[in-house]
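This report concerns only the one structure given below.
The values are calculated or read from the model by the stated rules, or taken from the named source; none is laboratory data. Note that the structure is a prediction, hence the values are computed from the model and not measured. Here Cβ is always computed from backbone atoms with ideal geometry, including for glycine, and neighbour counts include all displayed protein chains.
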Amino acid sequence: MAARQVALLCALTAASWLLYAAASVDPESTALLSLFRAHGGEADVHVAEVRPGLRGVVAARDVAAGEAIISLPPTLAIQLTSTATPAPDSAAMLVRRWRTDANLTAYWQFLPKQLLTRNTFPEAALDLLQSKAMKAYALTHQVQAEEIHRREDLAAEGISEAEFRHANDLVSAYSFGFQVSPDERLRILMPVLDATNYGDVDDEANVEVRLTTDGGFVAVSTRPISSGDEVLYSYTPACRRNDYSLFHYGFLQEKHPPRLCALDTPGGTLYDAPGLEEERDYGEGGILATREELQRLEALLAAFPTSEDQDARLLLGQRGWLAAWTGAKPLSGVEQLFVRFRMLRKRALRYWIDRLQEVLDLADAQEL
């Protein structure tokens, strides 16, 4: 699944979008679709640069709701290890296969050369997240990958730690976890299907992926898609929360109302991010509409060493002439991403604190 560093840019009109997408098709994308169709795959799409620096999948024709738009044959479903095993085990399988399976060269060459997930977060920048839990989780995953690289003796096969870390990133950001039988859930790479960018399940995603009876996979539209529209898939509902999407895929989202990070919800984790019922439960009569929950959220916000406004000013100070004028210490792209994450995290906390305060004040007034 294509990650990845989603930016909020102005939308193009349908006509200009189609022209832009057609003009932005690169040789790697063309070769990928040729490979796909040579194996019996069917795809009524273009794979193209949909925004500067970001490839995606664009519909090549009008598609009705419930219609197949991409059909992946079983021969192109690259099965890795069970989701019950550590992801680096899948990475070891993947890195060996791309070194030996020349039949899939066009796919290997299409895959991004660099990604950013928990596996490759630079350790020196982790404190900018202002989250001890996220830092600890990231370092745990990185140490685990190093141990599996040694256990598998990949260095003896000429596979460096850097190459293995990249394979691990691809497993994290591109593989699908799919139930292939009642007792087996596998990580699977799906050429073309995994080039689809993330779309929010509530209002953006327009396809769902299904297993076919012959072991292949099909992307079916959940609503009409016009020719030239981007095809978007909801990787998991957990991606609606920014700590989860950053940790696993390397991107952030800005929504209104903002969504709490998984770590800020009662009992939420980076591996089991809750749905949106928590925010609904802050409403009038909700089970979380309590003074105790308000105090918990306030304590979370108060514990940060910087405020939302300070983070915003830090990011603003990185902009061109302003950075030069103020002499601001330049932040790398990753560092800016981490500062933006913590700013959005605080924004969500502040919003729901204010919302919950209003609900509780109204309840108190009604009791008078």
- request: Identify all residues within the stretch 95-128 that are within 19 Å of residue 155 (Cα to Cα) and more than 20 Å from the chain's Cα centre (by Cα); write none if there are none.
  value: 95, 96, 97, 98, 99, 100
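Quick grid of which residues meet (1) among the charged types (D, E, K, R); (2) under 22 Å from residue 48 (Cα atoms); (3) without any contact (Cβ under 8 Å) to a residue 60 or more places away in the chain; (4) surrounded by fewer than 21 Cβ atoms within 10 Å (Cβ to Cβ):
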{"residue": "187", "(1), (2), (3), (4)": "yes, no, no, no"}
{"residue": "193", "(1), (2), (3), (4)": "no, yes, no, no"}
{"residue": "201", "(1), (2), (3), (4)": "no, no, yes, yes"}
{"residue": "239", "(1), (2), (3), (4)": "no, no, yes, no"}
{"residue": "245", "(1), (2), (3), (4)": "no, no, yes, no"}
{"residue": "255", "(1), (2), (3), (4)": "yes, no, yes, yes"}
{"residue": "260", "(1), (2), (3), (4)": "no, no, no, no"}
task: Output yes when any residue across the stretch 77-97 is without any contact (Cβ under 8 Å) to a residue 12 or more places away in the chain, out of contact with any Phe, Trp or Tyr (no Cβ under 9 Å at 6 or more places or on another chain) and part of a helix (DSSP H, G or I), and no when none is.
output: no
field: Answer residue from the stretch 174-215, given it is more than 19 Å from the chain's Cα centre (by Cα), more than 16 Å from residue 89 (Cβ to Cβ) and not polar (S, T, N, Q) and is modelled with the lowest pLDDT among those
entry: 180
- line: Restricting the stretch 238-278 to residues that are of a type in the set (Asp, Glu) and assigned to a loop (DSSP other than H, G, I, E, B), the one modelled with the highest pLDDT turns out to be 254
query: So, in the stretch 102-117, of the ones that are among the hydroxyl-bearing types (Ser, Thr, Tyr) and in a helix (DSSP H, G or I), which residue ends up farthest from residue 171 (Cα to Cα)?
result: 105
- line: Of those in the stretch 279-320 that are at pLDDT below 90, in a helix (DSSP H, G or I) and closer than 17 Å to residue 335 by Cα, the residue farthest from the chain's Cα centre (by Cα) is 320
message: Is it the case, given these coordinates, that residue 214 is more than 19 Å from residue 141 (Cα to Cα), in contact with a Cys (Cβ under 9 Å, 6 or more places away or on another chain) and outside any helix (DSSP H, G or I)?
response: no
field: Pick from the stretch 150-173, criterion surrounded by 23 or more Cβ atoms within 10 Å (Cβ to Cβ) and not hydrophobic (A, V, I, L, M, F, W, C), ranking: nearest to the chain's Cα centre (by Cα)
entry: 172
field: Subset of the stretch 327-357 that is assigned to a helix (DSSP H, G or I) and exposed (fewer than 12 other Cβ atoms within 10 Å of the Cβ) - its residue that is modelled with the lowest pLDDT
entry: 333
message: Kindly evaluate residue 222 against the criterion of being touching a strand residue (DSSP E or B) at 6+ places or on another chain (Cβ under 9 Å) and among the polar types (S, T, N, Q).
response: yes
statement: Those residues of the stretch 104-163 which are in contact with a helix residue (DSSP H, G or I) (Cβ under 6 Å, 6 or more places away or on another chain), closer than 25 Å to residue 341 by Cα and free of Cβ contacts under 8 Å to residues at least 12 places away in the same chain amount to 135
Unmet requirement for residue 180, which otherwise passes all of (1) assigned to a strand (DSSP E or B); (2) in contact with a Ser or Thr (Cβ under 6 Å, 6 or more places away or on another chain): (2)
